[in-house]
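Heads up: the structure comes next, in structure tokens.
Please treat every number below as a calculation from the coordinates, not as lab data. Note that the structure is predicted; figures quoted are calculated from it, not measured. Don't worry about glycine lacking a Cβ; one is built from the backbone with ideal geometry, like all the others, and counts go over all protein chains shown.
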Amino acid sequence: MKRYSAFAIAREAARYHTGWGRAWRKPQPKARYDVVIVGAGGHGLATAYYLGKNFGIKNVAIIEKGWLGGGNTGRNTTIIRSNYLQDPSAALYEKARSLYEGLSQDLNYNVMFSPRGVMMLAQTEHELRGYQRTVHANRLQGIDTEMISPREVKRLCPIMNIDGPRYPVLGALWQVRGGTARHDAVAWGYARACSDMGMDIIQNCEVTAVLREGGRVTGVSTTQGDISCDKLGIVVAGHSGVLAEMAGFRLPLESVALQALVSEPIKPAIDVVVMANTVHGYLSQSDKGELVIGGGTDGYINYAQRGSFQHVEETVRALIETFPMISRLKMLRQWAGIVDVTGDRSPILSKTPLEGCYINCGWGTGGFKAIPGSGWGFAELMAKGSSPLTEAFGLNRFREGRFIDESVAAGVAH
Amino acid sequence: MLTLPCPCCGADAAEIELVPGGEAHLKREGPGASDEAVERYLFERENPKGVVLERWRHAYGCGKWFLAARDSVTMEVYGTYPAQTHEPPQEIRDRIARRHPDWAQGA
């Protein structure tokens, strides 16, 4: 792999950029790997990367039905934060956030991590008390968050109307080290690093069956032939239920559409990330100038990657009181991803009833921010059989009633 | 926008009139049930890529609950039917069978 650097740019500039190679190889699948990961999104690629980097397991294939990073990794609103209430979530998301800080250097790929600060608005008394509780919890967890006053909110984000009649801003939970990153670059950076370690990323290759023998996984059938493996990692977000059925078990989750939209590009107007959970909307500005806006999920099962119109309207309508200037903006485009939502709105990183088969799913509406931490913990789980990061996120927590109840803690989007 | 005919009041209800209510035909478990059965009832979902049987409430209309058979990929609606049933009526099953010959409820 050629290292990317200022010198590389100068060298290539001198020869009309003819020397840049492919960022990752395009191999044919081998008949056997030590580990097969299904799903080349952020979480799958990060898992493979840390399997190689932390545990020396490099005979790995990452199989992708579509194109690399084309699912929810390329469809989210790129927010990174770790201000969670429950200890297991806070540990996992903070691990991810701290890895994001050094990810560009680690991968030698600019993921454009921008720690611009994330604020979660408190617009009801109930929400204010909830966030105060979260700040206290974060202090105990060693996560740097604070409550800020409405005046401070206005100073950080001047386009906001904090005196709205319906939803006045009463304060905000502020995580100064949160921010955004370039979502595609996260997938591409991990892919390039995996490929460099000798791992095979096989795109346009759909898994059609999970091969089993005596309660143990032996491989997968794909549209490019059978591939055998010792260990199988399923990291397919919205299609987790489909893969789980192939592997012979059922999951406590449902796949629904989550939408986002961007406005036409405008000059710099907002340099923080704002989440307004009372009205189900969040907003930031991309480097291109578009306002990136996300909202709530549709309430019914959907595999079509298209959302319903009224959710776009609801989200924008709710944000207009707090951000009056967006009422004049045109919507540029809108899209949906299929997210897998669990009963307690927390992910599943777990062994499964099928020996040798592991699953990483249930990230619901908040997976992008967790990619490095998820990959780190899931790789440890697959390599060693357990990981302190993933211990609380097992499948058996639903039967045993040990929920990690972020749906109560976060209210909505998280 | 998704439109479902309400079998209770007969109105063609648009999605904004309706509230989704999750998987239909769940078997409720009470005291004395095993941990597995309670887990299945509370959390495990069929989550099918294809034919979905689900509960809806005509919340901003007649207010009644009903059931719908829908395709989660194509968004085609196979039909709606009363909530007080254990399976879709034959007419809806026939319509499903034309698209998915191998489909069986709960399989």
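Using only Cα atoms, locate the centre of segment A:311-365 and the centre of segment A:24-79, then give the distance between them in Å, rounded to an integer.
That distance is 22 Å.
Which whole-percent values make up P(r) of the protein assembly as shown when all C-alpha to C-alpha distances are grouped in 20 Å steps starting at zero?
For the protein assembly as shown, the binned pair fractions read 21, 54, 24, 1 percent.
Pull up the cross-link candidates among the aspartates and glutamates for A:Lys2, meaning alpha carbon to alpha carbon under 14 Å and not fewer than 8 places away within one chain.
Of all the aspartates and glutamates, those that pass the test against A:Lys2 - Cα under 14 Å, at least 8 places apart if same chain - are A:Glu12, A:Asp196.
Over the whole of A:248-254, what's the average partner chain Cβ count within 10 Å per residue? Rounded to a whole number, please. Each step should come with its number before you reach the end.
Working: counts 0, 1, 6, 4, 7, 4, 5.
Per-residue shielding by partner chains comes out at 4.
Rounded to whole Å, give me the distance from the Cα center of segment A:190-264 to that of segment B:64-107.
29 Å
Taking 25 Å as the cut-off for C-alpha to C-alpha distance, list the pairs among A:Lys26/A:Lys231; A:Lys288/B:Lys49; A:Lys369/B:Lys49; A:Lys65/A:Lys288; A:Lys95/A:Lys154 that go past it.
Values: A:Lys26/A:Lys231 22 Å; A:Lys288/B:Lys49 36 Å; A:Lys369/B:Lys49 27 Å; A:Lys65/A:Lys288 30 Å; A:Lys95/A:Lys154 30 Å.
Those over the limit are A:Lys288/B:Lys49; A:Lys369/B:Lys49; A:Lys65/A:Lys288; A:Lys95/A:Lys154.
Taking N as the number of residues in segment A:218-377, what is its alpha-carbon radius of gyration divided by 2.2 N^0.38 Å? Please list the in-between numbers first.
Numbers: Rg = 18.7 Å, N = 160, 2.2 N^0.38 = 15.1 Å.
Normalised Cα radius of gyration, segment A:218-377: 1.24.
Based on Cβ point charges of +1 for Lys and Arg and -1 for Asp and Glu, what charge dipole magnitude is obtained for segment A:197-320 about its Cα centre, in debye rounded to the nearest 20? Before the final figure, lay out the partial values.
Details: 8 positive and 14 negative charges, 33 e Å.
So the magnitude is around 160 debye.
Take every Cα pair under 8 Å in chain A that's 6+ residues apart, average their separations, divide by the length, and report that relative contact order as a whole percent. Spell out each step's value before the answer.
On the way: 937 pairs, mean separation 92.5, N = 414.
Rounded, it is 22 percent for chain A.
Which Cα, out of B:Ala68, B:Leu42, B:Gly30, lies furthest along the positive dipole direction of segment B:3-99 (beta carbon charges, K/R +1, D/E -1)?
B:Ala68
Report the relative contact order of segment B:3-99, percent, no decimals, based on alpha-carbon pairs under 8 angstrom and at least 6 residues apart. Let's see the in-between values first.
Numbers: 151 pairs, mean separation 25.9, N = 97.
It rounds to 27 percent for segment B:3-99.
Under a straight-distance cross-link criterion of Cα-Cα below 18 Å, which aspartates and glutamates are reachable from B:Lys27, leaving out those fewer than 8 residues away in the same chain?
A:Glu254, B:Asp35, B:Glu36, B:Glu39, B:Glu44, B:Glu46, B:Glu54, B:Glu87
So, with +1 on the Cβ of K and R and -1 on the Cβ of D and E, and no other charges, what is the size of the charge dipole of segment B:3-99 about its Cα centre, to the nearest 20 debye? Don't skip to the answer; put the middle values down first.
Working: 13 positive and 16 negative charges, 42 e Å.
It comes to approximately 200 debye.
Per residue of A:294-301, count partner chain C-beta atoms within 10 Å of its C-beta, then hand back the mean as an integer. Before the final figure, lay out each step's value.
On the way: counts 0, 0, 0, 0, 3, 8, 14, 13.
The per-residue average across the peptide is 5.
What would the Debye equation give as log₁₀ I(q)/I(0) for segment A:41-111 at q = 0.18, 0.22, 0.27 Å⁻¹, counting only Cα atoms as equal point scatterers?
These q points yield log10 I(q)/I(0) values of -0.91, -1.22, -1.30.
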